[in-house]
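Some notes on the structure that comes next.
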Ligand SMILES: [Ca+2]
């Protein structure tokens, strides 16, 4: 030491100055720092095998487990120093390679700095863990079935009893111009979960049957799959309707969901005439679909109960949802709960808590049950202390079913309902709720179920799938009440095919119908244009409506009296042509047909099918 005193002192001063100047870098990028450290160390080892007398050779000895940013290095100084001391890896990183040979790790200032750096690293690491998992927002996505634009109290229905949804709307952001991508179930669900029009994933025409051979292709990326790499735990409870398929390969557990409990398709896709829909033993209205197995309740890919018990179903779902949320919180995992409800699809049903308690008959009771579920979910989030870190989004898969008069929903002032590309078929209620993050209010911005995937991905810091997406991040609308990035909405019909393509396009406030067609699903509304008897009709020039002045699509503006709108039609035509040019139709999954042996049966060897498939 005696003859190297000056060198060591100089090196020490340099190291300290150098250390302090690089401190901020290091705190910001601990992982980068670590990899650089390894490099520096390797280099130092090869270059400084024989340190000069009085110097210090540094050997890497992590004190515990896998080396981390704050694992330490052991420094053993050779004779004549005879000193051993432990310094932080952070400090080691700061010593320039060329000074390693002269670096004395055992001086008081060096050791003090080492302790400070080590503490900072521990704090930083703790913060990193908290910010990368615990503070990631949770997502609860509630998807009603066949709930119309006019069905909620907060959307103007005079006799619906929906206190929880109305509260959600008044404390959250209520959308007036929010669209599903389809007037029927399966395509709408595909678009919601993939952020892509159903055409791309091939979810057409119409909807899946219990024995459908096809399903949502497994190479499509769902919201659940987008979130998994970010550490999310994911669950779906309720109606899947994106296929069961051979070996049940299309069920949600193969599409990014860790847990599934529910009926994998519509609950009328099986005979229901002997089933109880309301207590004490009021049979379901109608007969539902015959010659199929009765609807099963599935847990992941196993049948738990067949037929499902409608009286207990909502409670079973709520218990599952509550359990899932509380377990996720206990395990400190961010969560995504997708709750596609069976309400308000026919046949209506409700358990003890809601039956006979509403003003709208069976439909009102079922709606009250849905509303109670929403109330339960929000209350659970509050009780468990995650309300302020959770985005709750509520919307519907398509417009109201209008084939059973008062047993169906209501599109409010919108034209027609389910099955049609009029506004009533695809414009739906939507509410975004996140106390402290989303300011209460109403937005008239254009938005869609297609926009949920990019929005959720953005909030979770997750990567977008590398495919053509049709959605836009809604953050500006949600958090700033700002403008939408979406300029257009494209309307594909229920029985879509490549020959006809789009039926209608909305651009800004204008909507052009290139084709119109009625639907049996809108058969009992007074408007004849909605009925199945209204044939497929091409329009050239297209019918043109100003949806702001005329949301009911009553007054066609594509007439000689409005020459000024010719330019609007041309612009819509351009947008339509551009969109259709970029559209690649996926293989039609629903056109693959059905195979009765694929219908879920809890007693697979029984006869005669489908009636013998009962259990639970
Ligand atoms: Ca539906």
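Every number here is computed from the coordinates shown, using simple stated rules; none is lab data. Quantities reported herein were computed from a predicted structural model and do not represent experimental measurements. Ideal geometry is used to build each Cβ from the backbone, glycine not excepted, and the neighbour counts take in all protein chains shown.
The packing ranking of peptides 177-184, 444-451, highest mean first, is 177-184, 444-451, where packing means the average number of other beta carbon atoms within 10 angstrom of each residue.
Could you give me D for the range 485-616, from Stokes-Einstein at 37 °C and 0.692 mPa s, where the hydrodynamic radius is the Kirkwood radius over C-alpha pairs? Units µm² s⁻¹, please.
182 µm²/s
With a 10 Å radius around each residue's Cβ, average the other Cβ atoms per peptide and rank 271-279, 469-477, highest first. Could the numbers behind the result be given before it?
On the way: 271-279: 18.3, 469-477: 21.3.
Descending packing order for the listed peptides: 469-477, 271-279.
The calculated P(r) of the range 469-512, using every Cα pair and 5 Å bins from 0, goes 6, 19, 19, 20, 17, 10, 6, 3, 0 in percent. Maximal additional length on extending the residue 562-residue 532 stretch stands at 7.7 nm, based on 0.36 nm per residue less the C-alpha distance. Coordinate range of the alpha-carbon atoms in the range 223-371 per principal axis, descending: 45, 36, 21 Å. Calculated FRET efficiency, residue 357 to residue 249, Cβ-Cβ distance, R0 = 51 Å: about 0.80 to the nearest 0.05.
Summary of packing: across the peptides 237-244, 353-360, 410-417, the per-residue average of other C-beta atoms within 10 Å ranks them, highest first, as 237-244, 410-417, 353-360.
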